[in-house]
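Colleague: My structure is below; once you've seen it, I'll send some questions.
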Amino acid sequence: MSRTLRLSDGLCANVVEAGSGEPVLLIHGVGMCAGAWEPQTAALSADYRVLAVDMPGHGGSDPLPGAPLLPDYVDWAARVVDALDLGPVSVAGHSMGALIAAGLAAERPDLVRRAALLNGVYRRAPEAKAAVLARASEIGAGHGGIEAPLARWFGPEQSEIRDKVAGWLRNVSRSGYAAAYRAFAEGDEVYAARLGLIRCPLLVMTADEDANSTPEMTRAMAALAPLGRAVVVPGHRHMLNLTAPDIVTAELRRWLSTEETAP
């Protein structure tokens, strides 16, 4: 079921909702939509109330005004949780969504019961930072194609899911995509020094073949949080929740069963 949330600032956010029980908020990455969480929504909704939200300027959600930075997306996520009116939620994010989830857990612990960061980035190396900023400039100028990211994200044997993701990339709002990518490109250090403030259970996952969200990043992020746990999945790339859905769902279930809170 899809519904529209009216946020406190007057913007609308589109949410795909399934199941009942403890709420789990899922935030996708740049260029995607709530449908990118289809495997997890279907599986987790048997036991949880799953709420997959379209990021600003993606799917059915209104864009943020101006030239938003990562903290603006984190503030937006806080308004989404407030509008849901379900109390604190467990929040999982993929890629850009992972940056948002980390920022939300650090800034608004009152809204977050647990946080999961899938294929997130952390303190990119200078050459990697330069490359992603160059891609952001290309996308902002309307020159960014979809073949390069698809080649980074998928192997030749993954054509079916690759085609589905290609469809999402082709249909995303160009302006919403460009704004989010710029925030993503500049956001890897915004909350990096504050990950130690995350006292709730923190799952950090990536794939060993993800060149942008490296295993080293994942282990470093998890090590900073008192209840951090790192998981590196072999043989996959960036779109881990789609190419290894059973593994990701199993780890999310383990994460959702964790009740501890660090002192």
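The values are calculated or read from the model by the stated rules, or taken from the named source; none is laboratory data. The shown structure was predicted, so the numbers you read here are calculated from the model rather than taken from an experiment. Ideal geometry is used to build each Cβ from the backbone, glycine not excepted, and the neighbour counts take in all protein chains shown. We work out accessible area using only protein heavy atoms, side chains counted, and drop any ligands, DNA or RNA first. Shrake-Rupley method; radii C 1.70, N 1.55, O 1.52, S 1.80 Å.
Colleague: With an 8 Å cut-off on Cα pairs and a minimum separation of 6 or more residues, tell me the relative contact order of region 75-173 in percent. Display every interim value, and only then the final one.
Modeller: Numbers: 81 pairs, mean separation 19.1, N = 99.
Averaging sequence separation for qualifying contacts and normalising by length gives 19 percent for region 75-173.
Colleague: Once label points are set 7 Å from the Cα along Cα→Cβ at both M1 and S159, what is their separation, rounded to one decimal in nm?
Modeller: 4.0 nm
Colleague: Just to make sure I understand: if all protein chains stay in place, what is the order of H236, H28, H143 by accessible area at 1.4 Å, largest first? Each step should come with its number before you reach the end.
Modeller: Numbers: H236 35, H28 0, H143 140 Å².
The most accessible residue leads, giving H143, H236, H28.
Colleague: Follow-up. Rounded if a/c is under 1.5, else prolate if a/b beats b/c, else oblate: with a ≥ b ≥ c from the C-alpha gyration tensor eigenvalues square-rooted, which is region 163-259? Mind showing how you got there, number by number?
Modeller: Numbers: a/c = 1.90, a/b = 1.30, b/c = 1.47.
Oblate is the answer for region 163-259, as a/c is 1.5 or above yet b/c matches or exceeds a/b.
Colleague: Give me the accessible area per residue for the chain, probe 1.4 Å, as a whole number in Å².
Modeller: 40 Å²
Colleague: For region 117-179, which GluC sites (Glu not before Pro) are in a loop by DSSP, counting at most 16 other Cβ atoms within 10 Å?
Modeller: Details: sites: E127, E138, E147, E157, E160; in loops: E157.
Filter output for region 117-179: E157.
Colleague: On to the next question. With a 1.4 Å probe and all protein chains in place, put T41, T4 in order of accessible area, largest first. Numbers along the way, then the final one.
Modeller: Numbers: T41 20, T4 90 Å².
Output order, biggest surface exposure first: T4, T41.
Colleague: Give the shape of the chain as rounded, prolate or oblate, defined through the alpha-carbon gyration tensor: a ≥ b ≥ c are the square roots of its eigenvalues, a/c under 1.5 means rounded, and otherwise the shape is prolate if a/b is larger than b/c and oblate if not. Please report the intermediate quantities before stating the final value.
Modeller: Values: a/c = 1.24, a/b = 1.13, b/c = 1.10.
The shape class here is rounded.
Colleague: Here's something else I'd like to know. In percent, how large is the relative contact order of region 1-140, given Cα pairs closer than 8 Å and 6 or more residues apart?
Modeller: On the way: 263 pairs, mean separation 30.8, N = 140.
With pairs under 8 Å counted, the relative contact order is 22 percent.
Colleague: Let me ask something else about it. With +1 on each Lys and Arg Cβ and -1 on each Asp and Glu Cβ, how big is the dipole of region 133-263 about its Cα centre, in debye rounded to the nearest 20? Walk me through the numbers before you get to the answer.
Modeller: Values: 14 positive and 16 negative charges, 64 e Å.
Computed about the Cα centre, the dipole is about 300 debye.
Colleague: Using only protein heavy atoms and a 1.4 Å probe, report how much of W255 is accessible, in Å² to the nearest 10.
Modeller: 10 Å²
Colleague: Output the relative contact order of region 128-208, whole-number percent, from Cα pairs under 8 angstrom with separation of 6+ residues. Before the final figure, lay out the partial values.
Modeller: On the way: 27 pairs, mean separation 34.0, N = 81.
Once divided by the residue count of region 128-208, the mean separation gives 42 percent.
Colleague: Quick one: which residues, 5 or more positions from A116 or on another chain, have an amide H under 5 Å from its amide H? H modelled 1.01 Å from N in the peptide plane, none for Pro or chain starts.
Modeller: V91, A92, G93, L203
Colleague: Taking the Cα centre of region 26-142 as origin and charging only Cβ (+1 Lys, Arg; -1 Asp, Glu), how large is the dipole, in debye to the nearest 20?
Modeller: Details: 9 positive and 12 negative charges, 77 e Å.
Computed about the Cα centre, the dipole is about 360 debye.
Colleague: In terms of modelled amide H atoms, which long-range or inter-chain residues lie less than 5 Å from the amide H of V231?
Modeller: Close amide H contacts, sequence-distant or interchain: V204, M205, T206.
Colleague: Pop a pseudo-label 7 angstrom from the Cα along the beta-carbon direction at both A141 and E186 and give the gap in nm to one decimal.
Modeller: 1.8 nm
Colleague: Region 193-263 to region 9-78: how many Å between their Cα centroids?
Modeller: 19 Å
Colleague: So if each residue of separation counts as 0.36 nm, and I subtract the Cα-Cα distance between A166 and L197, what length gain in nm does that give?
Modeller: Details: separation 31, 0.36 × 31 = 11.16 nm, distance 3.67 nm.
Gain in length upon complete extension: 7.5 nm.
Colleague: Per-residue ellipticity at 222 nm for the chain, helices alone: DSSP H runs ≥ 4 residues times -39500 (n - 2.57), over residue total, nearest 500 deg cm²/dmol?
Modeller: -12000 deg cm²/dmol
Colleague: May I pose another question? Which of P88, L111, A130 sits farthest toward the positive end of the charge dipole of region 50-130, with +1 on the Cβ of Lys and Arg and -1 on the Cβ of Asp and Glu?
Modeller: A130
Colleague: Mean projection of the alpha-carbon convex hull of region 24-142 over all orientations, in nm²? It would help to have the intermediate numbers written out before the result.
Modeller: Values: hull surface 31.5 nm².
Mean projected area for region 24-142: 7.9 nm², to one decimal.
Colleague: Can you compute the modelled spin-label distance between D82 and L133, with each label point 7 Å from Cα toward Cβ, in nm?
Modeller: If labels sit at D82 and L133, their model points lie 3.3 nm apart.
Colleague: Have a look at the DSSP beta bridges in the chain and tell me what percent are antiparallel, nearest 5. Mind dumping the intermediate values first?
Modeller: On the way: 9 of 34 bridges.
Bridges in the chain that DSSP calls antiparallel: roughly 25 percent.
Colleague: By how many nm would the segment from D246 to C12 lengthen if fully extended, with 0.36 nm per residue of separation less the alpha-carbon distance?
Modeller: Numbers: separation 234, 0.36 × 234 = 84.24 nm, distance 3.19 nm.
Gain on stretching D246 to C12: 81.1 nm.
Colleague: Roughly how big is the chain's charge dipole about its Cα centre, with Cβ charges of +1 (Lys, Arg) and -1 (Asp, Glu), in debye to the nearest 20? Before the final figure, lay out the partial values.
Modeller: Values: 24 positive and 30 negative charges, 37 e Å.
Computed charge dipole of the chain: roughly 180 debye.
Colleague: Run the numbers for S173 and T258: contour at 0.36 nm per residue of separation, minus the present Cα-Cα distance, in nm.
Modeller: Working: separation 85, 0.36 × 85 = 30.60 nm, distance 3.72 nm.
Stretched fully, the S173-T258 segment lengthens by 26.9 nm.
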